[in-house]
Amino acid sequence: MVNAGLTTIYLAAEEGAIHAGTGGIWSEWAGLMLIGPMLAFLVIVMFGKRMRYQGAEVAIGVMAFNLIWSTVLLVLNMGDEGVLYERSIEIARVGGGLVFELGWMVDGLSIMMYWVVAAVGLAVFVYAHGYMKGEIRVTFFFAALSLFAGSMLVLVGSPNLVQLIIGWEGVGLASYLLIGHYWEDKENSSAAMKAFYTNKVADVGLIIGVIIIGVVLGSFHYWDLAAAAAEHSDLLGPVAVTAAILLFIGAMGKSAQFPFHIWLPDAMAGPTPVSALMHAATMVTAGIYLMARTFPLYQELATAARPWMIAAGTITLFGMGLLALVVDDIKRVLAYSTVSQLGYMMTAVAAGGYTAGLFHLFTHAFFKALLFLGAGSVIHAVHSNNMSDMGGLRHHMPHTYRTFVIGSLALAGIFPLSGFWSKDEILATLGYEGYNLVMWIAVAGAFVTAFYMARAVSLTFFGEYRGHGHPHESPRIMTAPLWALAVPAVIAGLVNIPGLKLPLIGSFTSWLSVRSVSMGDHHAESIDLGLAAAGLAAAVAGLWLGWVAFGPKAAKRRAERDWVEVPGLYPLLRQKYYLDHVALGMVWTIRSPLARAVNWVNDYVIDGVVNMVGALCQGLASLVYRGVDQRGIDGVVHGVSYGASGMGGLLRRIQSGRVQQYAGLLVAGLLLLVVLVLFVL
Amino acid sequence: MELFEIWALSLIVFLPLAGALVALAIPKEREEAVKLWALGVSGVTLILAVIVAARFDFGAAGRFQFEVDLPWIGAIGANYHIGVDGISLPLLVLSALVVVLCVIYSWKHWDEPHNPRGFLVLMLILATGMNGTFVALDLVLFFIFFELVLLPMYFMIGIWGDRTMRKIPGFKKEVETRLYAAIKFFIFTLFGSAFMLLGFLALYFKSGSGGLDPTFDIPELIGRGFLFEGTFAWLVFGAMFLGFAVKVPMWPFHTWLPDAHTAAPTVGSVLLAAILLKLGSYAFIRISIPILPETAREWAPFIAVLSVIGIIYGSLACLAQTDVKRLIAFSSVGHMGFVMLGIATLTEVGINAAIIGMVAHGLITGLLFFLAGSMHHRYHTREMSRLGGNLKLMPVLGGILGFTAMASLGLPGLAGFWGEFMALLGSYQPLPGLSTDFFRTAMVIGAIGTVLTAGYMLWMLQKVNLGEPSSEWAGKKFHDVDRYEMIAWVPLIVLIVAVGVYPKLVLGVTTDAVVGLVETAFSSVLGG
Amino acid sequence: MGVEVILNQFLILAAVLFVMGVYGLLVRRNAVMVLLAVELMLAAVNINLVAMEAFWQTTEALGQILAVFIITVAAAEVGIGLAIILLIFRNRRSANVDELDLMRW
């Protein structure tokens, strides 16, 4: 059934029989969205310093243009006729029948990504204009942001795997530039290097995977890949699992899946808008996007790769969520949370939940960007990343507080915010596909998510202010994007409520599939109330526990230790105290042995291996260079010239300069010759 | 225009030489006149090369065009046979371009002992040698041009090179780095050339068997490929391999390269990296493979092994360097490893990869050496431990260095990527008959090499570009990139991006020629 | 007494002359004498050539031609050689060959 669906969609599409519109000029010129930010990058680099707003106006203008354009496409795609258009320009014929192409693709998936990048991008760009006021290198900052947006669009708009690699590494470069924005500190440049490098290691998988697919199929086109997968092509079959796992390794790097996630928390060294746009909403989802784009490969041929992918995703979603409980840096809390959420998406896609994974990608982009921007606003106010320097900020920063809470509730998965619907869809898919253990781990993960968000909100906005100076609400240019993102964080879930088909808009599932043919994944027609209740219960429990353990009262109790012994209030407090103990005990259990163990594994085993490989390479390098190269190979070279010079030293003694000695040698030689001729020969 | 067809290539080759002779007639003191003259001559050469490229019939890129074939030394049947096809055209244009840029760059940057006339004359002679090698279609002619580049480079390194004293292990006395490097470069290359000449002579004599006149003509020899078989062919390939491999340079014949690069004046390093290294790999494609295709298949795994060792080894060695120029020099070993890996696959994709890799390496590493030279000019040191915060002291220079390092580590969208990617692509499926498992292993190791490449480039950037400037430089005034540097570098930057975004600029010319070459050479295994 | 006997006598004469030349070349210290010894050796060669030509009777008279050629060259050589010796003598007040080792390594 599933196979039939896929075969139909791709074969029908190839024959042009598919029931989809082309989108007219909006599709034909959609390439402008890819080129625009790239041009903006060039313009800002060359002329940005002379502009009034140091280039920010160009970057924001281009993003606004992109948002309008992609919104039109989104609306076109909502109708009964979807949009399906593709345009490729040959950039090289390389022999062996292979062709490299650049171009753009307009279909449900890429429209969704265009829109997310443009929407979140515009909010972040506007916000950054306020956030970066007075900072160094603002011009370059906006140039790099534009480069990122351009590369990301090149990535998601790509109709083939080669262009994907170009965009893939382009966003990596932008990430490197922006994480290391304050490169005067070695810590920051090291973080940038770590991000670039970890990705580069994973990219080996991607590149080899792409090569295998390209050579075997004779084409890098997604379309051909999907068709080959749908037909169970004999060419692709034998290498499908290898290629799939290699592509997945690439995706693990970009999407920070265990054990490649190590770069993402460090990447928080970049300015906060960067973290919001790249390391939460868009760039890190490129791996998920790749898995979705090549979904037919995993669905049809490389099913053997799926357990590995699910394992990696599950470890990531649960283990990394725990880490968010023990860190003090608010951006790192969000970073670990991002890693954990990416784990959800990866698990969902790997389990066959094409729509579920992408839907979570969609909603997560909004609320996580919102959370990061909120955190940035707080950091802007208190000049510290540490939650121990915050507290009680809800009075000082009402807009930030409200939007941050909205974002947190959405992330925690509270009904009816967007996160609830997307998380529920993932759980439902896992259950439907029969991964029950994974499903319950995901429910536990939802609990952890709610827990650490409650902790973050409590420590940041409640209790007493523990920092220095007087925090103020951020300027309107920063709070406006917060509210702008809060809206989709609340309502984005509506587009994919099971069984509900909104008039005109349609459903998320139908956006993603080419019209009237499903992608072949399961999409629940009605909500599974039991499962939804379980997920919601886990989230509420997590919030409650976090509130109890870290809320203002707990803080107060900690601050005034003897307060609990005030007579009269004691029994009530005792009960609370008891609960606190339970909560604290649970917190302690989770925090101390479990999370620390994960943390330890993270720092010593995985990072240790990375460091050891580094040290080993360094040692090996010096061994090879000093021992083999300089002594060994160069030694031979020197030996030859030394030998020649030694021989010369011996032979030159004959050159006495005395003519008679020469004559004597001559005669002796002549005699020798005579003797030879006469007697020997 | 018939006249142009006939004279174009000869002019491109010999105009610089004639220009050099005329330059010698200009009084030494009139430096401006000498510089203008050199610029004019190299500029006209470039314009001619560009016109040749424009009038080139891209539909017949596999055929030799602008061909001239005249009797030259009748006694040995050596002809003055020149021509370009799709394989040599990009390299010819690159060579003409880089010489012009070098003249512009050196306008205000002279290493001691100054003497612009002498330096420019050498540069023009070098141009003749390089351009000549790329168009020669006769082995004797090829050999002469191939060797002609040695002399000017020897003098450039030996006279304008680095004067610091250096202790060489195994030698008692300290020697000047420039002398050591120049002599090592010369002798190393000559050693290889001796074997190469033996190989050429063997081909010549063997081509005379079966009642035919012996010939040095390359297309003619390709047609007589059936005469060269067995051990004879194996040995001839080996002899030529030695000559070409030293020039590339392939591991383990590379040790002259870091020394020569480190000691050479900036422009010398640029020419060495951008063009001279290409002569060797070009010769593999032009001579070894088409004339001895069957033997090439026997040698291919061996070449692949050396290439892969070179990739890993060069990258590791880079990580151990403290000298910027030496690091870039070792990076060439790695990059040329990719070029040779591409050639070793003997496929269309692989050989195409080699050519675009050569062009990209010429652009990128040439620019890197320009940058290293300019930095040396300002800091008077190349020790990375003393540098740092370059981006703060000189934002434009630092920015260009960052860009070029990214291009060098093979960032997709810039020129360096295609060579590496296509070399790996070719290795996945080498020529039928070659061991697939073997080449796939090579592909994986090569891919790991790209990671190491990224490692040392990022490391270099962090050391040199990022961070706060050390107290040694803080507060000092550095003048950022000047006009001459900018004019010399911008074309390279533009080309790196252009080739990166639109590789057809190179591959559009080469593909037909390479396909023709592979199909002719390996028709037996390709089946038809 | 045939032609061969006469030939032998000439060859013996030439050999004796040549050996005398070699002796002079190796043991005399005065450069002029060394030069003369060289002349002696050349004379021996000339005798050989002429004698052999008489014996073989080639149509081209190669022996005589070569002999004349050698005499010419020898004359030129003696001219230059004596000039050099003269200059050396003027500079160093001596023409002893074993004192001349300026050309050693």
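The values are calculated or read from the model by the stated rules, or taken from the named source; none is laboratory data. Nothing here was measured: the structure is a model prediction, and the numbers come from that model. All Cβ positions, glycine included, derive from the backbone under ideal geometry; neighbour counts span all protein chains shown.
In table form, for the structure just shown:
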item: Output for the range A:611-640, where each listed residue is farther than 20 Å from B:PRO252 by Cβ and modelled with pLDDT of 80 or more; result: none
item: Residue tally, condition farther than 17 Å from B:VAL50 by Cβ and assigned to a helix (DSSP H, G or I), over the range B:497-512; result: 8
item: Among (1) closer than 22 Å to B:GLU472 by Cβ; (2) in contact with a Phe, Trp or Tyr (Cβ under 7 Å, 6 or more places away or on another chain), the one test that B:PHE370 misses; result: (1)
item: Residue list for the range C:61-94, filter: more than 24 Å from C:ILE47 (Cα to Cα) and within 14 Å of chain A (Cβ to nearest Cβ); result: C:ILE84, C:ILE85, C:ILE88
item: Answer from C:VAL32, C:VAL97, C:VAL38, C:VAL27 - the residue that is within 14 Å of chain A (Cβ to nearest Cβ), loosely packed, with under 13 Cβ neighbours inside 10 Å and closer than 30 Å to A:GLN661 by Cβ; result: C:VAL27
item: Whichever residue in the range A:169-207 is in contact with a Ser or Thr (Cβ under 8 Å, 6 or more places away or on another chain) and among the aromatic types (Phe, Trp, Tyr) and, among such residues, is farthest from B:LEU461 (Cα to Cα); result: A:PHE196
item: Given (1) within 19 Å of A:SER474 (Cα to Cα); (2) buried (at least 18 other Cβ atoms within 10 Å of the Cβ), index of the condition A:PRO398 fails; result: (2)
item: Residues of the range A:177-189 that turn out to be within 9 Å of another protein chain (Cβ to nearest Cβ) and either free of Cβ contacts under 8 Å to residues at least 60 places away in the same chain or not polar (S, T, N, Q) (or both), as a count; result: 7
item: Those residues of the range A:43-64 which are surrounded by 15 or more Cβ atoms within 10 Å (Cβ to Cβ), over 25 Å from the mean Cα position of the chain (by Cα) and either modelled with pLDDT of 90 or more or in a helix (DSSP H, G or I) (or both), in sequence order; result: A:VAL43, A:ILE44, A:VAL45, A:GLY48, A:GLU57, A:VAL58
item: Members of the range B:330-353 found to be modelled with pLDDT under 90 and over 13 Å from B:ALA245 (Cβ atoms), listed by number; result: B:PHE330
item: Cross-chain or 6+ apart pairs with Cβ under 9 Å, the range B:508-528 first and over 18 Å from B:ILE87 (Cα atoms), then of a type in the set (Asp, Glu); result: B:SER524/B:GLU294; B:LEU526/B:GLU519; B:GLY528/B:GLU519
item: Cross-chain or 6+ apart pairs with Cβ under 9 Å, the range A:193-213 first and closer than 19 Å to B:TYR456 by Cβ, then polar (S, T, N, Q) and outside any helix (DSSP H, G or I); result: none
item: Criterion violated by A:GLU169 - all others in (1) of a type in the set (D, E, K, R); (2) more than 22 Å from B:TRP418 (Cβ to Cβ); (3) part of a helix (DSSP H, G or I) satisfied; result: (2)
item: Hits in the range A:226-250 (condition: part of a helix (DSSP H, G or I) and at positive phi); result: none
item: Condition broken by B:SER385, with the remaining ones in (1) more than 10 Å from chain A (Cβ to nearest Cβ); (2) among the hydroxyl-bearing types (Ser, Thr, Tyr); (3) part of a helix (DSSP H, G or I) satisfied; result: (3)
item: Residue check, B:VAL497 more than 8 Å from chain A (Cβ to nearest Cβ), more than 22 Å from the chain's Cα centre (by Cα) and within 21 Å of B:VAL270 (Cβ to Cβ); result: no
item: Selection from the range A:640-656 of residues that are surrounded by 10 or more Cβ atoms within 10 Å (Cβ to Cβ) and either more than 60 Å from the chain's Cα centre (by Cα) or among the polar types (S, T, N, Q) (or both); result: A:SER641, A:ALA644, A:SER645, A:GLY646, A:MET647, A:GLY648, A:GLY649, A:LEU651, A:ARG652, A:ILE654, A:GLN655, A:SER656
item: Residue satisfying all of: in the range B:194-223; in a loop (DSSP other than H, G, I, E, B) and without any contact (Cβ under 8 Å) to a residue 12 or more places away in the chain; surrounded by the fewest Cβ atoms within 10 Å (Cβ to Cβ) among these; result: B:GLY211
item: Helices (runs of 4 or more DSSP H) lying entirely in the range B:227-278 (those with 1 or more residues that are within 16 Å of the chain's Cα centre (by Cα), among the basic types (Lys, Arg) and on the phi < 0 side of the Ramachandran plot); result: B:230-247
item: In the range B:137-161, the residues that are crowded, with 24+ Cβ neighbours inside 10 Å, over 23 Å from B:ASP259 (Cβ atoms) and within 17 Å of the chain's Cα centre (by Cα); result: B:PHE142
item: Unique match (being farther than 17 Å from B:GLY243 by Cβ and either within 14 Å of chain A (Cβ to nearest Cβ) or assigned to a strand (DSSP E or B) (or both)) among B:ALA182, B:ALA127; result: B:ALA182
item: Candidate set: the range B:509-525, residues that are in contact with a strand residue (DSSP E or B) (Cβ under 7 Å, 6 or more places away or on another chain) and within 11 Å of chain A (Cβ to nearest Cβ); chosen: the one farthest from B:ASN352 (Cα to Cα); result: B:VAL515
item: Any chance B:GLY399 is surrounded by fewer than 18 Cβ atoms within 10 Å (Cβ to Cβ), within 12 Å of chain A (Cβ to nearest Cβ), part of a helix (DSSP H, G or I) and not hydrophobic (A, V, I, L, M, F, W, C); result: yes
item: Selection from the range B:318-348 of residues that are facing another protein chain (nearest Cβ under 9 Å) and either touching a residue at least 24 places away in the same chain (Cβ under 8 Å) or in a strand (DSSP E or B) (or both); result: B:CYS318, B:LEU319, B:GLN321, B:PHE330, B:THR347, B:GLU348
item: Filter result for the condition that a residue is at pLDDT 85 or above, crowded, with 24+ Cβ neighbours inside 10 Å, closer than 17 Å to A:LEU297 by Cβ and not basic (Lys, Arg), over A:GLY343, A:GLY352; result: A:GLY352
item: Residue within the range B:451-473 that is among the acidic types (Asp, Glu), within 10 Å of chain A (Cβ to nearest Cβ) and within 30 Å of A:ALA195 (Cα to Cα) present; result: yes
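Residue-wise test of (1) over 20 Å from B:LEU97 (Cβ atoms); (2) surrounded by fewer than 24 Cβ atoms within 10 Å (Cβ to Cβ); (3) among the acidic types (Asp, Glu); (4) out of contact with any strand residue (DSSP E or B) (no Cβ under 9 Å at 6 or more places or on another chain).
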residue	(1), (2), (3), (4)
B:VAL246	yes, yes, no, yes
B:TRP251	yes, no, no, yes
B:THR255	yes, yes, no, yes
B:ALA260	yes, no, no, yes
B:ALA264	no, no, no, yes
B:VAL267	no, no, no, yes
B:VAL270	no, no, no, yes
